[in-house]
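**Q** One structure coming up, written as structure tokens, with questions to follow.
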């Protein structure tokens, strides 16, 4: 009952307009050392590599869940192990 799909298109519309809530700042941490030249391939996000620890953090604003999944597919396609994904909550700073 509560998990049934909307019965008509009008009820489904508000869900579509909530996509802006999916926008956020994400950090994707991977095992491996990628330099900043990979930024374009990762949709212009910032790459911060710690080659001594063999870790790279890919960070920046991601417009929605589809874009986030696209980034994760790129990580998978490179064969690099995913360490973690973190979303920064609006209004909070990691500093």
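**Q** How large is log10 I(q)/I(0) at q = 0.23, 0.29 Å⁻¹ when the Debye formula is applied to the Cα atoms of segment 23-88, each weighted equally and without solvent?
**A** One equal scatterer on each Cα of segment 23-88 leads to -0.96, -1.52.
**Q** Using the number of other C-beta atoms within 10 angstrom as an exposure proxy, rank 33, 51 with the fewest first.
**A** So the residues, fewest neighbours to most, are 51, 33.
**Q** Which whole-number percentage describes the relative contact order of segment 23-88, with Cα contacts under 8 Å and a sequence gap of 6 or more?
**A** 47 percent
**Q** What full-extension length gain, to one decimal in nm, is calculated for residue 87 and residue 33 as 0.36 nm per residue of separation minus the Cα-Cα distance?
**A** This chain segment gains 17.3 nm when fully extended.
Just so you know, all these numbers are worked out from the coordinates, no wet-lab data involved. Remember, predicted model here, so these are calculated numbers, not experimental data. Neighbour counts run over all protein chains shown; Cβ positions are idealised from the backbone, glycine included.
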